[in-house]
1. With the crude spin-label approximation of a point 7 Å out along Cα→Cβ, what separation in nm comes out for Asp279 versus Arg346?
2. Hey, any idea what % of the stretch 311-358's accessible area is carbon plus sulfur with a 1.4 Å probe?
3. Counting only other residues whose beta carbon sits under 9 Å from that of Lys374, what net charge do I get with K and R as +1, D and E as -1?
4. To the nearest 0.05, how large is the calculated FRET efficiency for Asp164 and Asp414 if R₀ is 22 Å and r is the Cβ-Cβ distance?
5. What Rg and what Dmax come out for the stretch 1-130 when only alpha-carbon atoms are used, in angstroms?
6. Considering the chain as a Gaussian network with a 10 Å cut-off on Cα pairs, which listed residue, Gln257, Gln303, Gln380, attains the greatest mean-square fluctuation?
7. With label points built 7 Å along Cα→Cβ from the Cα atoms of His47 and Glu112, find their separation and express it in nm.
8. Using Cα positions and a limit of under 19 Å, work out the aspartates and glutamates in reach of Lys260, with same-chain residues fewer than 8 apart set aside.
Amino acid sequence: MKLAIIGHSPLALETALRFHLHGAALTWYVDQDNLEHFTSANLPNMHFTSDLGLGVLKEIGRTYAPSNFSWKEWTENYAAPLMTYLRAHQELKTDEVISVTKRFLAPGEKIEGRSRFLDLFRVIFKVNPKDFIEEQRETNPETYQRLTEEFVNSLASSIEMYQDYDLVLDLRSDLGKSSAAASGRALGESRPTDKASYALAALANASSFKPNPDLRELALIGSDSLAAEMLLHLEEWLKETRSRLFIVTTEEEPFSQYMKVAHPMTAEKLTNLFKYIDDEFQKEIDVFTKKLHEWQQLDDFVQVKIPKPAEPIPRLVYFSGHNVSAIDELIDKKRMFLTLERPEFRHGKKHPENNYQDLKTIGVDHILVSHGKKDLSFIQLDPNEQGYFALTPSRPNVRDSWISDLEKVKGIEDEIFKLFSPADSH
């Protein structure tokens, strides 16, 4: 059984270990996913481990028993030695995967009297030519000697190569760039800009944003688990009294779905942050109400000389039940403008006062988009293709995410065993 595993995550590591120990010949395409920016949840000390992984560590003379979970310790003392172990027995590639298809069969095409397993899966990937040439120097010196200088120079850009497999496990995350619109269509979004960031890049930016005169107003698009993580990373920035955040979400009650599955610590932090902002605004309302009452008690000729107190503006503003329909950037490139719409079939229950207009526009200094997705454009397969298994790893701030993911991998494992042996033999 020749197997391809695509994705870089703790779950991909565990899956690679499982199938290596089952005797599969596998290639693990390790991409650049990075979950280390998820820090809101207090993960158990043995999170992202398994009895299988710990057993392999013991066999190679390593131990892993931290008192508290930290990404650094997990990476150095659990993931790194296990990846080194796998690399000694299997093929690990850091090349970008371009597409997953069948070699010859079109999606949905049938072979009379035969299974589509007759045809292998083909994984096309992008190779850095310098790495490829150095690999030839080490593994195939005769071929390397025949590489002319002209040929080497012709490989100035990356080249594409392929390998064929019996089975493919797609374990990539859904943290790739998607769209500010939940429907995946926002006018003007394709224009290049450094004032909009997506998924993991947006989370990294949220981690680095500090109170700044050039970064007074932000828009956070979405209210899922990734948006929750971004919001908590923005806590220092948001508590600066001159900062203002717009949350735009298709949810009628922002974060209501996520809070049902949230890690308890993340949920508590999020609740406390909302309370802090609400309490701050309520104090401003109380002060305004008192000043307004005092101003209204003044004689008319005194009111003319004293400005009416200004009503406070909330610093955390929701456009709930809304879609982003367009993104625009002015010629001076100092601000981004979002066009927002709320369809008739949705009700914005959070800050319903923002629902009176069908179209509204807000201007901000930067846009953070939590909508992420797998790049499905590289998959051209029958929707129910046997032998292709897709599983999106859960995010760390979701309750019981690791236990659930390991169970799902076990389910895939069982399905694969059924493909290659009698159903009652496992």
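1. Roughly 3.2 nm, to one decimal.
2. Within the stretch 311-358, the accessible surface is 52 percent carbon and sulfur.
3. -1
4. The computed FRET efficiency comes out at 0.35.
5. 17.8, 59
6. In this elastic network of the chain, the residue with the biggest mean-square fluctuation among Gln257, Gln303, Gln380 is Gln303.
7. Placing both labels 7 Å beyond Cα along the Cβ direction yields 5.7 nm.
8. Asp224, Glu229, Glu251, Glu252, Glu268, Asp400, Asp405
The values are calculated or read from the model by the stated rules, or taken from the named source; none is laboratory data. A quick note: this is a predicted structure, and the numbers were derived from the prediction, not measured. We place every Cβ from the backbone using ideal geometry, glycine too, and count neighbours over all the protein chains shown. These accessible areas exclude ligands, DNA and RNA; they are computed on the full protein's heavy atoms, side chains included. Shrake-Rupley method; radii C 1.70, N 1.55, O 1.52, S 1.80 Å.
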